[in-house]
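The values are calculated or read from the model by the stated rules, or taken from the named source; none is laboratory data. Computed from a predicted model, the values in this text were never measured in an experiment. We place every Cβ from the backbone using ideal geometry, glycine too, and count neighbours over all the protein chains shown. Accessible surface is based on the protein model in full, side chains and every heavy atom, while ligands, DNA and RNA are left aside. Shrake-Rupley method; radii C 1.70, N 1.55, O 1.52, S 1.80 Å.
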Amino acid sequence: MELQTLKNILGPEGVITNKDIHGGYTTDWTGRYIGSTPAVLFPKDTAQVSQVLQWCFANSVAVIPQGGNTGMVGGATPLNGELILSLKKMTNIEETDGVSGQLVTQAGVTLGDVQQAAIKLGWKYGVDLSARDSASIGGTIATNAGGSQVLRYGNTRRQVLGLEAVTGTGEVVGDLRGLAKDNTGYHLPGLLCGSEGTLAVVTRARLRLVNAPEEEISILLGFESLQEALRVVEVVKKDLYDVQACEIFFRNGLSLVCDQFGLTPPWSTPSNVYLLVDAAGQSGLVDRISQSPLAGFLESSKYVAFGSDAVSRKRIWRYRELHTEAISATGVPHKLDVTIPHGRLADFYDNIEAVVRSIDNDAQLFLFGHAGDGNIHVNILGPEPEDLTVDKVVLEFVASIGGSISAEHGIGRAKASYLHFNRTDSEIELFRRVKVAFDPAGILNPGAIFNK
Ligand code: FAD
Ligand code: MLT
Ligand code: ZN
């Protein structure tokens, strides 16, 4: 491929080729997708992104937008030799407004840096996930990332007040005014959030911030049965107004985490099910919790641990957050991120093991996730990474009980073949027509969301 024009646009340091391209760009985080690319491009601003995409459009060259490459569905992997457009050098937080609680950032800034900037302003950014130090704001917008605090603040789409993006023809669209009310036609931020780099490259965003809590407490609870744990999830969601996270994991996952990372388990007798409840709010949090219906469970349970400062909270959160790394350190997992409708959760838990075993009796099944949202991460080790039978039957089962085959990670390449489990033919056709409107030459992330 003739790269000289791109070098002219981006400068010699803005294009890397050959030996400088490592797996951090071409292999996805899970290790399941391994691609290759002739070049990784590093624009520094929106104008450069626009010039690059004008050239790609004119020359029908496919390109994959990439942020931190922490995605879980192969959405940023160049399986067919596409160029990679990395936003990693677009790392300016351009404007902060401590009065309105908003900031404007370039797309390559990490989630962690946005969180820190919000704290410095006396506010908080309402999205959190454990890849915070690598995942980019552009990537979290493109995947409409969820994470642990959706229960309180909503997913990424809820935080985006305005955005700027470049379409597949190189045209710059969107605005960063951040108006509280603006019903002027279709809502571009809403459409581009979750579009996974298939419609446009997000270059800048105006984000809303939320009130910073004065106090935060993490509570880990252990249960013998799932039913007991699900009862507490209901109480937490309904009656604990300060709740900001309600996460679930199980005995085998915790045991793997402790083995992999040399952690001491929270108590000597393992529980079957664990809930991690995070509460945050104005001072007086402990009093409010002790007057809430959760107090009864806390008093009667033998298996409770509290974290009320940064160190003890982190210690508790590690049991949950290290699941992803512990599983990937053991093998290449089949990662299926699903939402189950509230009334069907017990049904799901009762049957999921049998569904997996119907394909591979020796498979290891790890379940964990965001219990407050009904969002379970189904991780399966055992079946060969390229054998997708187990993926299909699990996703079919989820769809059959009214769930979503992608709660927060997106469709990417991993789930493109199953989109029709949740979407009708007419909907998929409409999605394709929307894509053509933004990307008439089909150069933006081909193969993601849709099978070609
Ligand atoms: P990438 O992986 O680089 O890209 C992801 C997708 O977005 C691709 O389709 C890519 O083409 C597109 N894209 C990237 N940047 C842009 C852009 N500027 N414009 C247009 N398209 C773009 N996700 C959750 O939702 N919740 C979690 O709790 C969570 N926890 C995680 C924990 C770990 C340990 C890891 C490794 C991942 C986790 N993830 C989670 C998944 C991942 O972090 C998110 O999907 C994140 O939003 C990806 O951001 P990224 O910058 O790494 O994007
Ligand atoms: C999480 O909640 O930890 C993530 O979404 C990552 C994963 O599913 O492994
Ligand atoms: Zn998650």
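Looking only at residues in the range 376-407 that are open to solvent by 20 Å² or more (accessible area, probe 1.4 Å) and touching a residue at least 60 places away in the same chain (Cβ under 8 Å), the one that is farthest from residue 340 (Cα to Cα) is 385.
Among residues that are of a type in the set (A, V, I, L, M), touching a Gly at 6+ places or on another chain (Cβ under 9 Å) and within 16 Å of ligand 3 (Cβ to nearest atom), residue 326 is included. As a summary of the residue check, residue 47 satisfies the conditions (1) in contact (Cβ under 8 Å) with a residue 40 or more places away in the chain; (2) open to solvent by 40 Å² or more (accessible area, probe 1.4 Å); (3) on the phi < 0 side of the Ramachandran plot except for the one numbered (1).
When the range 354-369 is filtered for residues that are in contact with a strand residue (DSSP E or B) (Cβ under 6 Å, 6 or more places away or on another chain) and not hydrophobic (A, V, I, L, M, F, W, C), the ones remaining, listed by number, are 364, 369. Residues of the range 162-193 being of a type outside the set (A, V, I, L, M) and in contact with a helix residue (DSSP H, G or I) (Cβ under 7 Å, 6 or more places away or on another chain), which ones? Within the range 162-193, 162, 164, 167, 168, 169, 170, 174, 190, 193 qualify. When residue 110 is tested against the conditions (1) out of contact with any strand residue (DSSP E or B) (no Cβ under 9 Å at 6 or more places or on another chain); (2) open to solvent by 10 Å² or more (accessible area, probe 1.4 Å), the lone failure is (1). Of the set (1) open to solvent by less than 20 Å² (accessible area, probe 1.4 Å); (2) of a type outside the set (A, V, I, L, M); (3) away from ligand 3 (no atom under 15 Å from the Cβ), all apply to residue 122 but (1). Scanning the range 333-342 for any residue that is touching a Lys or Arg at 6+ places or on another chain (Cβ under 9 Å), modelled with pLDDT of 95 or more, of a type outside the set (Phe, Trp, Tyr) and more than 13 Å from ligand 2 (Cβ to nearest atom) turns up nothing.
Listed by first and then second residue, the pairs with beta-carbon distance under 7 Å, at least 6 apart or on different chains, first residue in the range 423-448 and more than 14 Å from residue 63 (Cβ to Cβ), second assigned to a helix (DSSP H, G or I), are 428/419; 428/420. Would you be able to say whether some residue in the range 17-26 is open to solvent by less than 10 Å² (accessible area, probe 1.4 Å) and either in a loop (DSSP other than H, G, I, E, B) or of a type outside the set (Lys, Arg) (or both)? The answer is no; no qualifying residue exists. All conditions in (1) open to solvent by 10 Å² or more (accessible area, probe 1.4 Å); (2) over 23 Å from the mean Cα position of the chain (by Cα) hold for residue 237, with the sole exception of (2). Name every residue in the range 308-349 that is among the aliphatic types (A, V, I, L, M), within 16 Å of ligand 1 (Cβ to nearest atom) and surrounded by fewer than 17 Cβ atoms within 10 Å (Cβ to Cβ), in order of residue number. Result: 329, 332.
Within the range 101-115, is even one residue over 20 Å from the mean Cα position of the chain (by Cα), over 21 Å from residue 410 (Cβ atoms) and within 13 Å of ligand 1 (Cβ to nearest atom)? No: zero hits.
Of all the listed residues (277, 236), the sole one being outside any strand (DSSP E or B) and within 21 Å of residue 128 (Cα to Cα) is 236. Those helices (runs of 4 or more DSSP H) of the range 341-452 in which at least 3 residues are over 18 Å from the mean Cα position of the chain (by Cα) and under 23 Å from residue 34 (Cα atoms), considering only elements entirely within it, cover 389-400. Among the residues of the range 329-344, those identified as within 16 Å of ligand 3 (Cβ to nearest atom) and either without any contact (Cβ under 8 Å) to a residue 40 or more places away in the chain or within 16 Å of residue 396 (Cα to Cα) (or both) are 334, 335, 336, 337, 338, 339, 340. A single member of 254, 220 is outside any strand (DSSP E or B), within 16 Å of residue 304 (Cα to Cα) and not β-branched (Val, Ile, Thr), and it is 254.
Within the range 350-375, the set of residues being within 16 Å of ligand 3 (Cβ to nearest atom) and either free of Cβ contacts under 8 Å to residues at least 40 places away in the same chain or open to solvent by 40 Å² or more (accessible area, probe 1.4 Å) (or both) comprises 373, 374.
Just one of the listed residues (112, 68, 122) is at positive phi and at pLDDT 95 or above, namely 122.
Of the residues screened, residue 7 is not one that is in a helix (DSSP H, G or I) and at pLDDT below 95.
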